[in-house]
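Inspection log for the structure reproduced underneath, given as structure tokens.
The values are calculated or read from the model by the stated rules, or taken from the named source; none is laboratory data. Since we're looking at a predicted model, the values are computed, not measured. Every residue, glycine as well, gets a Cβ built from its backbone with ideal geometry; the counts of neighbours run over all protein chains shown. The protein model used for the area step is the full one, side chains on, heavy atoms only, and it has no ligands, DNA or RNA in it. Shrake-Rupley method; radii C 1.70, N 1.55, O 1.52, S 1.80 Å.
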Amino acid sequence: MTRIVCVAGARPNYMKIKPVMDALERRGAEVVLVHTGQHYDESMNDVFFRDLGIRPPDRYLGAGSGSHAQQTGRVMAAFEPLVEELAPDAVVVVGDINSTLACALVTAKAGPLLAHVEAGLRSRDWSMPEEVNRVATDRVSDYLLAPSPDAAANLRAEGYREDQIHLVGNVMIDTLLANLDRARQSDVLDRHGLTPGGYGLVTLHRPANVDAPGALRGLLKALGEIAGRCPLLLPVHPRAAQRLAELGVPDGIRLVPAAGYLDFIALQDSARLVLTDSGGVQEETTALGVPCVTLRENTERPVTVAEGTNVLAGTDPDRIVATVDKVLDDPPAPRCPALWDGRASERIAAVLLDGGPAHTRPRPTDLVPAAGHGPQ
């Protein structure tokens with residue numbers, strides 16, 4: 001039996017790893033779920049396992065918080081003996097958090113095949129730690145599982161071999177579609193006194209937006225103006241709670257506790273628009289057909305702009321307000337990219353289980369002759 005270790009470490013990972021685990025197990029693989037413990041508070045962790053029906057992790061590394069180097073180092077030190085003990089055929093890492101890179105590096109040195117779900121996403125912003133994690137993880141991966149054609153094109157432009165690149169679709173959408181009916185049964189709108197289409201939903205968590213008081217003050221100024229036209233609901237990410245409390249929020253913006261997965265999908269689904277700095281929310285709103293305004297200067301998910309409902313507004317307060325006014329006056333038409341069909345995890349399982357063992361495959365830096373161009 002093929003043994004595959006699936007790694008998750010933080011809230012954005014859970015929605016990505018669950019369908020992959022399920023698809024691998026349906027095809028007879030032994031799946032070991034490893035939780036690195038990068039997110040460990042209840043609102044960011046346990047509630048998602050409950051909402052998504054993820055079984056308790058088989059192993060928990062307890063990495064905790066700290067600087068990028070501390071967190072990455074702790075995950076590596078804890079994951080290394082685990083890989084040696086389990087001797088998996090392959091390791092699956094998802095996304096772009098510190099745990100992703102840490103487990104990728106350990107796996108590459110230990111020898112099992114490494115698969116990166118969401119490979120090839122690029123923001124072109126080297127100041128984003130996630131961009132460094134994405135690029136470095138791709139470099140040591142055997143299987144590059146791209147969610148969209150632009151991601152596959154990025155990988156080709158960077159020189160990866162065709163046998164490494166697999167356009168599989170978006171696993172986040174697998175989870176969204178599987179849970180949408182349940183989410184729509186949530187009473188979260190009633191709890192907050194909301195009506196469908198009568199509010200905007202806001203998420204803020206990126207350090208560039210919430211850790212610099214000047215940047216956060218500017219965003220709150222813009223949100224205050226928008227709230228005069230469309231009341232805003234802001235579920236508070238733990239890292240933003242203290243900052244928001246210190247600065248105070250304008251009238252028309254309601255702060256509520258962080259939402260679980262099903263409640264948050266329900267809030268997105270019924271919103272008039274969503275304002276966010278989250279990559280996953282850009283994808284979910286595109287799949288739901290809900291207008292999204294992204295409060296960043298760039299996005300590693302440009303397909304949500306080119307083929308979805310997402311508009312990039314940047315972080316300048318005046319530009320944000322102008323962008324939102326335009327979106328409210330003339331919402332983008334719902335469009336959903338190809339292969340965002342709920343079956344990405346099945347395609348991933350096929351790649352991993354039909355690709356052969358590590359000793360029969362070219363590894364990441366092997367030179368493989370192009371077709372028709374073998375040794376003369």
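Which of the residues spanning the range 279-290 are within 21 Å of Val94 (Cβ to Cβ) and open to solvent by less than 20 Å² (accessible area, probe 1.4 Å)? Within the range 279-290, Gly279, Gly280, Val281, Gln282, Glu283, Glu284, Thr285, Thr286 qualify.
Here is a list of conditions, (1) open to solvent by less than 20 Å² (accessible area, probe 1.4 Å); (2) modelled with pLDDT under 95; (3) more than 23 Å from Thr323 (Cβ to Cβ), and Ile265 meets all of them except one; can you say which number that is? The one condition Ile265 does not meet is (2). Checking each residue in the range 305-341 for being touching a strand residue (DSSP E or B) at 6+ places or on another chain (Cβ under 9 Å), within 10 Å of Ala222 (Cβ to Cβ) and β-branched (Val, Ile, Thr) picks out Ile320, Thr323, Val324. Set side by side, the residues Val351, Val321, Val293, Val368 differ, and just one is farther than 30 Å from Ala87 by Cβ, open to solvent by 10 Å² or more (accessible area, probe 1.4 Å) and of a type outside the set (Asp, Glu), which is Val321. Restricting attention to the range 225-242 and to residues that are of a type outside the set (Lys, Arg) and open to solvent by 20 Å² or more (accessible area, probe 1.4 Å), the residue that is nearest to Ser278 (Cα to Cα) turns out to be His237. For the range 327-345, a residue qualifies if it is in contact (Cβ under 8 Å) with a residue 12 or more places away in the chain, in a helix (DSSP H, G or I) and surrounded by fewer than 18 Cβ atoms within 10 Å (Cβ to Cβ), and exactly one does: Leu328.
Taking the numbered list (1) farther than 30 Å from Gly111 by Cβ; (2) open to solvent by 20 Å² or more (accessible area, probe 1.4 Å); (3) not aliphatic (A, V, I, L, M) in turn, Thr309 passes all entries but (2). Looking across the range 174-198 at every residue that is among the polar types (S, T, N, Q) and within 24 Å of Leu232 (Cβ to Cβ), the one that is least open to solvent (accessible area, probe 1.4 Å) is identified as Ser186. Being part of a loop (DSSP other than H, G, I, E, B) and buried (at least 24 other Cβ atoms within 10 Å of the Cβ) is not true of Ala102. Being touching a residue at least 24 places away in the same chain (Cβ under 8 Å), open to solvent by 10 Å² or more (accessible area, probe 1.4 Å) and either touching a helix residue (DSSP H, G or I) at 6+ places or on another chain (Cβ under 7 Å) or of a type outside the set (S, T, N, Q) (or both) is a description that applies to Thr315.
Quick check: is even one residue across the range 38-53 assigned to a helix (DSSP H, G or I) and touching a Leu at 6+ places or on another chain (Cβ under 8 Å)? The answer is yes; a qualifying residue exists. Apart from one condition, Glu131 fits all of (1) open to solvent by 30 Å² or more (accessible area, probe 1.4 Å); (2) under 26 Å from Pro235 (Cβ atoms); the exception is (1). Each residue in the range 243-262 was checked for being open to solvent by less than 20 Å² (accessible area, probe 1.4 Å) and either of a type in the set (S, T, N, Q) or in a helix (DSSP H, G or I) (or both), and 2 of them qualify. Just one of (1) over 21 Å from the mean Cα position of the chain (by Cα); (2) charged (D, E, K, R); (3) open to solvent by less than 50 Å² (accessible area, probe 1.4 Å) fails for Arg301. It is (1). Within the range 68-98, the residues that satisfy the criterion of being of a type outside the set (Gly, Ala, Ser), assigned to a loop (DSSP other than H, G, I, E, B) and touching a strand residue (DSSP E or B) at 6+ places or on another chain (Cβ under 8 Å) are Pro88, Asp89.
Scanning the range 110-130 turns up no residue that is under 14 Å from the mean Cα position of the chain (by Cα), hydrophobic (A, V, I, L, M, F, W, C) and in a helix (DSSP H, G or I). Considering the conditions (1) part of a helix (DSSP H, G or I); (2) in contact (Cβ under 8 Å) with a residue 60 or more places away in the chain; (3) more than 18 Å from Arg229 (Cα to Cα), Thr286 is excluded by exactly one of them, (2). Among the residues of the range 76-89, is any closer than 25 Å to Ala258 by Cβ, crowded, with 19+ Cβ neighbours inside 10 Å and either without any contact (Cβ under 8 Å) to a residue 40 or more places away in the chain or within 21 Å of the chain's Cα centre (by Cα) (or both)? For the range 76-89, residues closer than 25 Å to Ala258 by Cβ, crowded, with 19+ Cβ neighbours inside 10 Å and either without any contact (Cβ under 8 Å) to a residue 40 or more places away in the chain or within 21 Å of the chain's Cα centre (by Cα) (or both): absent.
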